[in-house]
Amino acid sequence: MTRAAIPGLPSRYPIGELLPALYTDDDLAQRFTAGLDTVLAPVLSTLDNLPAYFDPSLAPADFLPWLASWVGVEADPAWPVELRRAVVARAVELHRWRGTRRGLVERLRLCCGVHADVRDGGGATWSAEAGAALPPPPTGELLVRVWPVREGVAVDARRVLDVATASCPVHLICRVEVLPGPPGEPEQTGS
């Protein structure tokens, strides 16, 4: 969408009305200023509505990628516009939790509409006893188990994997399991 030329958009501040009284009856002056009004009307309209451009819920859809770049978030253009608006609106909050289980769970809930259980194969262990056996090496795998927020809704495993991989540290391999319900119920796996 372009905001440069909108046919028939009236100016809220017609220049012809602001001219001295001498020019109000001058046909040339009124036609000339009407041409300027046509050019300036979209600019003045944009300025009048500027706060709406910075609100993800109100901004024009074509403005969302630029707004997303301000908060350092990638909103996939293939996602529905309402989802992209929600991702941009919650970007700062999600950045606060980036790299944590909670951050990944919240991002998956927002972007994919799923509940998630994240199992991390890394971490640190210690022992209170001197000379204790070393812990096993980390698996290097991040296991993300997901199930739908609402029953009967299909889970897009590819989308879940894409979101989880983008949020996962690069040294870990990300694996996704799709469950029919919360863990503990009979499982159905996928990748």
What the Cα atoms of region 92-142 span along the principal axes, largest first and in whole Å, is 46, 20, 14
Cα-based Rg/(2.2 N^0.38 Å) for region 1-63, rounded to two decimals, is 1.40
At the level of C-alpha centres, the distance separating region 109-186 and region 21-81, in angstrom, is 44
On the accessible surface of the chain, probed at 1.4 Å with all protein chains in place, carbon and sulfur together account for a percent value of 60
In deg cm²/dmol, rounded to the nearest 500, the helical mean residue ellipticity at 222 nm of the chain, built from -39500 (n - 2.57) for every DSSP H run of length 4 or more, is -11500 deg cm²/dmol
Order by accessible surface, 1.4 Å probe, largest leading, for residues HIS115, HIS95, HIS171 comes to HIS171, HIS95, HIS115
Taking R0 as 35 Å and r as the Cβ-Cβ distance between TYR13 and ALA166, the FRET efficiency 1/(1 + (r/R0)^6), rounded to the nearest 0.05, comes to 0.15
Share of Cα-Cα pairs in region 1-142 beyond 20 Å, whole percent, is 68
If N is the residue count of region 118-165, its Cα Rg over 2.2 N^0.38 Å rounds to 1.79
Answer in debye to the nearest 20: the dipole magnitude of region 26-163 about its Cα centre, from +1 Lys/Arg and -1 Asp/Glu charges placed on Cβ, is 640
accessible surface per residue for the chain, probe 1.4 Å, DNA/RNA/ligands not counted, whole Å² -> 66
The relative contact order of region 70-174, taking Cα pairs under 8 Å that sit 6 or more residues apart, comes to a percentage of 24
Simple SL model, points at 7 angstrom along Cα→Cβ for ASP25 and THR139; separation in nm is 9.0
Answer check: region 58-191, Cα atoms, Kirkwood Rh, Rg/Rh ratio of 1.06
Among TYR13, TRP70, VAL160, the residue whose Cα sits farthest towards the positive end of the charge dipole of the chain, when +1 is placed on the Cβ of each Lys and Arg and -1 on the Cβ of each Asp and Glu, is VAL160
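The values are calculated or read from the model by the stated rules, or taken from the named source; none is laboratory data. Just so we're clear, the structure is a prediction, and the values are computed from it rather than from any experiment. Positions of Cβ are backbone-derived with ideal geometry, glycine not excepted, and every protein chain shown enters the neighbour counts. Only protein heavy atoms, including side chains, enter the accessible area calculation; ligands, DNA and RNA are left aside. Shrake-Rupley method; radii C 1.70, N 1.55, O 1.52, S 1.80 Å.
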